[in-house]
Amino acid sequence: MVEANGEMLLVSPGVTVAAALLQAGIATRTSVTGEPRRPLCGMGICYECRVQIDGVAYQRSCQILCKPGMRIHTSG
């Protein structure tokens, strides 16, 4: 289980943070006009998937596998 914005998510082994957030319907960030943004490229180039993981900001969620007890915070 991982925590995303205070919500507990049950995640299978080998799932990226981006995939877990997409499956849960959680946006990774909000655009300057207030629209929800989600991962785009899935390989770390576009930076649309940036989130805070365990207190470290600007992590590319499409490049990081979920670990039990991980705390994720999005601006979305």
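Here are the numbers for the structure shown:
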| item | result |
| --- | --- |
| Hits in the range 29-76 (condition: among the hydroxyl-bearing types (Ser, Thr, Tyr), on the phi > 0 side of the Ramachandran plot and in contact with a strand residue (DSSP E or B) (Cβ under 6 Å, 6 or more places away or on another chain)) | TYR58 |
| Residue list for the range 27-44, filter: β-branched (Val, Ile, Thr) and either out of contact with any Pro (no Cβ under 9 Å at 6 or more places or on another chain) or modelled with pLDDT under 90 (or both) | THR30, VAL32, THR33 |
| In the range 20-41, the residues that are of a type in the set (A, V, I, L, M) and free of Cβ contacts under 8 Å to residues at least 12 places away in the same chain | VAL32, LEU40 |
| The range 42-62 residues that are within 13 Å of ILE26 (Cβ to Cβ), paired with ones that are of a type in the set (A, V, I, L, M) and surrounded by 15 or more Cβ atoms within 10 Å (Cβ to Cβ) (beta carbon under 6 Å, 6 or more apart) | CYS49/ALA18; VAL51/ILE72; SER61/VAL17; SER61/ALA18; SER61/VAL51 |
| Qualifying strands (runs of 3 or more DSSP E) (wholly inside the chain; at least 1 residues being open to solvent by 40 Å² or more (accessible area, probe 1.4 Å) and touching a helix residue (DSSP H, G or I) at 6+ places or on another chain (Cβ under 9 Å)) | 7-9, 50-53, 56-60 |
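The values are calculated or read from the model by the stated rules, or taken from the named source; none is laboratory data. All figures in this text were calculated on a predicted structure; none of them were measured in a lab. Ideal geometry is used to build each Cβ from the backbone, glycine not excepted, and the neighbour counts take in all protein chains shown. Just the protein is used for accessible areas: all its heavy atoms, side chains included, with ligands, DNA and RNA removed. Shrake-Rupley method; radii C 1.70, N 1.55, O 1.52, S 1.80 Å.
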